[in-house]
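Asks: Handing you this structure, nothing more for now.
The values are calculated or read from the model by the stated rules, or taken from the named source; none is laboratory data. Quick caveat: nothing in here was measured; it's all calculated off a predicted structure. Backbone-built Cβ (ideal geometry, glycine too); neighbour counts: all protein chains shown. In case anyone asks, the SASA skips ligands and DNA or RNA and just uses the protein heavy atoms, side chains included. Shrake-Rupley method; radii C 1.70, N 1.55, O 1.52, S 1.80 Å.
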Amino acid sequence: YRSTAGADLIFSTGGASNSTMVLTETGNVGVNTFNPRTKLDVNGTFSVSEQSIGVNSSGNIILGSVNVGQIVLTGSRLLSFNCSLTAVGVSGQRLVIVNTTGVSVGVICGGSTYSIGNNDAKEFVYSSATSRWHSFNSTLL
């Protein structure tokens, strides 16, 4: 890495012209880019952690902890069920819930219920102003 006072922190391989990661004075992080325009700016492909939750039994499930970007509900159900999203997130955090259970899932958060059909997904965003998750859009798949 190389840095000077009041300058960006640059991590590189093979010389200064091959920047692999930049941390700017303003706190933006760039991967494979010298000029990150957002808090995380990636030039290339990347992955987000995913968690699968089996829901073969009867009854509802509670998502009390969310430290991933995507949750896939898997299994085989005969009746629709509810999934309560009670986890506290970080403002602006996004979570995609994918339903592959064979039935509709009602996601309950902040006093509202959002339906996710089989083989469908819904994105939620956490707001610290309201201290709850909000449906970000209706259909992703």
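Asks: Scan segment 60-79 and give yes if some residue there is open to solvent by 90 Å² or more (accessible area, probe 1.4 Å), assigned to a loop (DSSP other than H, G, I, E, B) and at pLDDT 65 or above, otherwise no.
Replies: yes
Asks: If I filter segment 127-141 down to residues being exposed (fewer than 14 other Cβ atoms within 10 Å of the Cβ) and of a type in the set (Gly, Ala, Ser), which single residue comes out as modelled with the lowest pLDDT?
Replies: That would be Ser138.
Asks: Report yes if Val29 is modelled with pLDDT of 65 or more, in contact with a Pro (Cβ under 9 Å, 6 or more places away or on another chain), among the aliphatic types (A, V, I, L, M) and surrounded by 10 or more Cβ atoms within 10 Å (Cβ to Cβ), otherwise no.
Replies: yes
Asks: In this structure, is Phe124 under 16 Å from Gly69 (Cβ atoms), touching a residue at least 24 places away in the same chain (Cβ under 8 Å) and open to solvent by 50 Å² or more (accessible area, probe 1.4 Å)?
Replies: It is false that Phe124 is under 16 Å from Gly69 (Cβ atoms), touching a residue at least 24 places away in the same chain (Cβ under 8 Å) and open to solvent by 50 Å² or more (accessible area, probe 1.4 Å).
Asks: Right, Gly54: open to solvent by less than 50 Å² (accessible area, probe 1.4 Å) and either modelled with pLDDT under 75 or under 30 Å from Ser127 (Cα atoms) (or both) or not?
Replies: When the stated conditions are applied, Gly54 does not pass them.
Asks: If a residue has to be outside any strand (DSSP E or B) and within 15 Å of Leu85 (Cα to Cα) to count, how many in segment 100-127 make the cut?
Replies: Residues meeting the conditions: 2.
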